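Here the structure is laid out as structure tokens; the discussion comes afterwards.
The values are calculated or read from the model by the stated rules, or taken from the named source; none is laboratory data. Please read all numbers here as calculations on a predicted model, not as lab measurements. Glycine also receives a Cβ, built like all others from the backbone with ideal geometry; neighbour counts cover every protein chain displayed. Note: accessible area is taken over every heavy atom of the protein model, side chains too, but ligands, DNA and RNA are not part of it. Shrake-Rupley method; radii C 1.70, N 1.55, O 1.52, S 1.80 Å.
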Amino acid sequence: MSEEERSFRAPRGTYDLLPPASLGWQHIMRLAMDVFALSGYRAVETPIFEHTEVFERGVGEASEVVGKQMYTFTDRGERSLTLRPEGTAPVVRAVLEHNLHKAALPVKLAYAGPMFRQERPQKGRYRQFWQVGVEALGVDAAALDVEVIELGKRFLSDAGVETELLLNSIGHVDPTCRGAYLEELKSYLRSRTDDLAEDDRERVDKNPLRTFDSKERATVAVMKDAPVITDHLCSDCDAHFTEVRSLLDDLDVDFTLEPRLVRGLDYYTRTAFEFIAGGLGSQNAVGGGGRYDGLAESLGGDPLPGIGFALGVDRIAIAREENAETDGKVDVYVVAVGDDGVRAGLKLATALRRAGLGADLDLAGRSMKGQMKQASASGARWAAILGEREIAGGRVTLKDLSTAEQLEVPLDRVVEVVQG
Ligand code: AMP
């Protein structure tokens, strides 16, 4: 193999998930699906790639994600396909395609998988990253918004990440609501065009709400005095938002009103929210979501309201790093020496595994001392020592690695003692 071939690296903005970090990551993915299932959200898997139109029409061509970040390619059949940059449009596409919305509503679904966006990589921002999320379709009650928001915050807390919840309502696409507001925002922005950062000027007419997302200092200063959507909600959207806040209060879910929170994808309507965590630097949003009552229609389907969230697994993993070291450990490390060591050790490890316990052992012929070192490094609570004397007597010395206490037990009692 040439030098060049040997120095292959993962593509820019991607990374290999290796142990032990992969254990924390796996824990988050599993926990998410378990916690979501307890609220009635059942697993859905959609393809990693979709027809490009699903995102162009669903997420919106004026959005940053569709306009600048998609991995789009033409396959051998001349079809334009795109690696999914987000999970909501594909899930809604699947619901419509399979008529899931013709059964009992709401349709409640959960997903966990990789997403792809060609962004400038930095800590917490990658070109392949993972999201876990839920979608609830077919019901527009404020109580559903609150079920979803509480579920997201609780899962993050269960995963070891305490977050601040930012909340807003961005109204719905209607001349009496967001439509009127956008006209007012546009005329304000036009009056301040010269003060905006150059890159943001083209947004004024194309996608004025996005100017709230700008990180450019000049634009941020202009946006401080901009009119905010919550002062312009129509009476229906206002009532919906009032109820969301009141139900969150009922459940003791704290939130901070953030009238400048607009979220990056075009399909959002009414409730918009984001979960913010400390310790993540500039990429401090671990996730967010909102209502998307017009999305199904944009995809050519029946009108179907919906709400959901997507949480970034990579960022959750970074935020909980210090809590992660207990993940994925075996319960017992079997230390076996002597002529019959491997045979006896493999038998004991297998018995423990068959009883549902985590067990590992040395199959590389290390000395007793070397194996004890492996036992400590494995993070196991117990070392099960099989020396020649123990093997001959059908016994095992169990050493509690946290206290260094030892006890000798018959082989057939090991499982019972370890299960405690
Ligand atoms: P969004 O789909 O843009 O609303 O993003 C929801 C969450 O996904 C964000 O809060 C992040 O935690 C995560 N996320 C989005 N883009 C990236 C990325 N490029 N790299 C890592 N995580 C991301």
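Things worth noting here:
- Count Lys and Arg as plus one, Asp and Glu as minus one, and take only other residues whose Cβ is under 15 Å from that of Gly40; the net charge is then -1.
- 14 Å cut-off, amide nitrogen to a point 7 angstrom out along Ser402 Cα→Cβ, residues in the stretch 332-347: 332
- Förster radius 30 Å - calculated FRET efficiency between Arg354 and Lys329 (Cβ-Cβ, nearest 0.05): 0.95
- For Ala380, net neighbour charge (Lys/Arg +1, Asp/Glu -1) across residues whose Cβ lies under 11 Å away: 0
- For the stretch 330-419, the fraction of alpha-carbon pairs lying more than 22 Å apart is 12 percent, rounded to a whole number.
- Only lysine pairs 8 or more places apart, or on different chains, with alpha-carbon atoms under 25 angstrom apart are counted in the chain, and they number 22.
- With protein chains left intact and a 1.4 Å probe, residues in the stretch 330-419 average 56 Å² of accessible area per residue.
- Relative contact order for the chain, counting Cα pairs under 8 Å that sit 6 or more residues apart, in percent: 16
- The slack in the chain from Phe73 to Glu198, taken as 0.36 nm per residue of separation less the alpha-carbon distance, amounts to 41.9 nm.
- Potential extension, Asp158-Ile276 segment - 0.36 nm per residue separation minus Cα distance: 40.9 nm
- The length gained on full extension between Lys215 and Val253, counted as 0.36 nm times the residue separation minus their Cα-Cα distance, comes to 10.8 nm.
- The stretch 20-142: Cα Rg divided by the 2.2 N^0.38 Å rule of thumb: 1.15
- Pairwise Cα separations in the stretch 231-382 fall into 10 Å bins from 0 onward with the following percentages, short to long: 9, 23, 18, 13, 14, 14, 7, 1, 0.
- Sparsely packed loop sites in the stretch 1-106 (the GluC sites (Glu not before Pro) outside DSSP H, G, I, E and B with at most 16 other Cβ atoms within 10 Å) comprise Glu45, Glu61, Glu78.
- The chain - percent of accessible surface contributed by carbon and sulfur, probe 1.4 Å: 48
- Cα shape, the chain, gyration tensor, a/c 1.5 rule: prolate
- The stretch 330-419: relative contact order in percent, alpha carbon pairs under 8 Å with at least 6 residues between: 32
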